[in-house]
Amino acid sequence: MKVNSRLDLNQERYLYLLELELTPQVLDSFKGVRFVMMQGSNTRAKEFAKKLARQFLGINPKYFEPKDIAPTSRYQVFRVGNVLSVSHGMGNPSIFTLLHEITKALYFAGSTEVEYIRIGTSGGIGVKPGTVIITEKAYTPNLKPYIELPSLEKNIQVPTIFDLNLAKKIHDMQPRGLPFEVLLGNSIAADDFYLGQGRFDGAIAPQKDLAFRTNYFKEVRDLGIRNFEMESTAMAAFCHEVAIPSTMIAVTLINRLDGDQISSTPLELAEFSDRSQTVAIHYLKNCNNVF
Ligand code: R2B
Ligand code: URA
């Protein structure tokens, strides 16, 4: 991790959006952390913490209620062993802010050897629904492998490439015979679930027709892009800037070549979501610094 050196000059230790004052006691909860696993929803972040407790400590989830470290209702932060299970909300701005504050907390706690992994859902592009994609490179919807970060009067371009070794390691650590495919691929992060992901079923009428979109999807596939979601460019750019190895594990809920509407039942969707968590747990089981 390589953060802003000005942080050391500043005595302020308040994380505004997490509503956390970094007292010695709070910093203790961030000491020794090696993995930060992030998911959109509070519920999924908590479920993942329960799964970790069951897998690694044999604790029956019926009798274990993970404690949220952050008082805010915007994000939740749970800790099991050396893993933080955190919710990031929806979209690049939401995850960006979380990334700043979690990274500051870890830095001040001395936990500078960390990996960040987003565990999520996505819309597949030419893959069977239920397939899990581990992202190597994140793209913008206009197919740029970088985003523009604000720097006062002029933006700076920051690459949105994840840690390829980490992505491959997670892929290699999956057991044979899983009932779903796990693929390495690239992803697009859009700022909007509808127009931003080329959907025709949003409230704003799209400017492009089906023929244009079909051609766009072909171009996208040629770049190795396999899914749409909404946070990977911010995450990849942030982690590039602070030198934290990171990637994303995201199950596909739909094949966008077949349509726009997600029509799986709630039960099927929950089972699909579980797959991303399963892939993450297979990885953590092969790491020797989880506890
Ligand atoms: C995937 O799913 C959410 C939208 O449904 C969004 O947070 C994302 O990236
Ligand atoms: N999440 C997205 O961002 N897009 C989809 O199509 C499905 C889940």
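Figures for the structure shown
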| quantity | calculated |
| --- | --- |
| Unmet requirement for Ser29, which otherwise passes all of (1) within 30 Å of Ile147 (Cβ to Cβ); (2) surrounded by fewer than 21 Cβ atoms within 10 Å (Cβ to Cβ) | (1) |
| In the stretch 250-291, the residues that are part of a helix (DSSP H, G or I) and within 18 Å of Asp172 (Cα to Cα) | Arg275, Ser276, Gln277, Thr278, Val279, Ala280, Ile281, His282, Tyr283, Leu284, Lys285 |
| The stretch 6-46, residues that are in contact with a His (Cβ under 7 Å, 6 or more places away or on another chain) and part of a loop (DSSP other than H, G, I, E, B) | Gly40 |
| Residue tally, condition part of a helix (DSSP H, G or I) and aliphatic (A, V, I, L, M), over the stretch 47-84 | 4 |
| Tabulated pairs, the stretch 104-122, first under 28 Å from Asp274 (Cα atoms) and of a type in the set (Asp, Glu), second more than 16 Å from ligand 1 (Cβ to nearest atom) and in a strand (DSSP E or B), C-beta under 8 angstrom, 6+ apart or interchain | Glu115/Phe35; Glu115/Val36 |
| Residues within the stretch 193-249 that are in a helix (DSSP H, G or I) and either under 18 Å from Ile102 (Cβ atoms) or hydroxyl-bearing (Ser, Thr, Tyr) (or both), tallied | 12 |
| Failed criterion for Thr160 (all others in (1) closer than 30 Å to Leu267 by Cβ; (2) surrounded by 15 or more Cβ atoms within 10 Å (Cβ to Cβ) hold) | (1) |
| Residue within the stretch 134-148 that is touching a Pro at 6+ places or on another chain (Cβ under 9 Å), of a type in the set (D, E, K, R) and in a strand (DSSP E or B) present | yes |
| From Gly198, Gly202, Gly177, residue being at pLDDT 95 or above, over 17 Å from the mean Cα position of the chain (by Cα) and more than 25 Å from Pro93 (Cβ to Cβ) | Gly177 |
| Selection within the stretch 99-124 - within 14 Å of ligand 1 (Cβ to nearest atom) and more than 22 Å from Val290 (Cα to Cα) | Thr121, Ser122, Gly123, Gly124 |
| Total residues in the stretch 248-267, condition farther than 20 Å from Ala189 by Cα and within 15 Å of ligand 1 (Cβ to nearest atom) | 3 |
| Criterion: among the charged types (D, E, K, R), surrounded by fewer than 20 Cβ atoms within 10 Å (Cβ to Cβ) and closer than 20 Å to Ala189 by Cβ - qualifying residue of Glu136, Glu148, Glu113, Glu153 | Glu148 |
| Within the stretch 80-93, considering residues that are in contact (Cβ under 8 Å) with a residue 60 or more places away in the chain and at negative phi, the one nearest to ligand 2 (Cβ to nearest atom) | Met90 |
| The lone exception for Val132 - which of (1) at pLDDT 95 or above; (2) away from ligand 1 (no atom under 16 Å from the Cβ) it fails | (2) |
| Output for the stretch 252-267, where each listed residue is within 14 Å of ligand 2 (Cβ to nearest atom) and either hydrophobic (A, V, I, L, M, F, W, C) or modelled with pLDDT of 95 or more (or both) | Thr252, Leu253, Ile254, Asn255, Arg256, Leu257, Asp258, Gly259, Asp260, Gln261, Ile262 |
| Residue within the stretch 71-93 that is over 22 Å from the mean Cα position of the chain (by Cα), surrounded by fewer than 18 Cβ atoms within 10 Å (Cβ to Cβ) and over 21 Å from Met230 (Cα atoms) present | no |
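The values are calculated or read from the model by the stated rules, or taken from the named source; none is laboratory data. Just so you know, these numbers come straight off a predicted model, no measurement behind them. Neighbour counts are summed over all protein chains in view; Cβ atoms, including those assigned to glycine, are modelled from backbone coordinates with ideal geometry.
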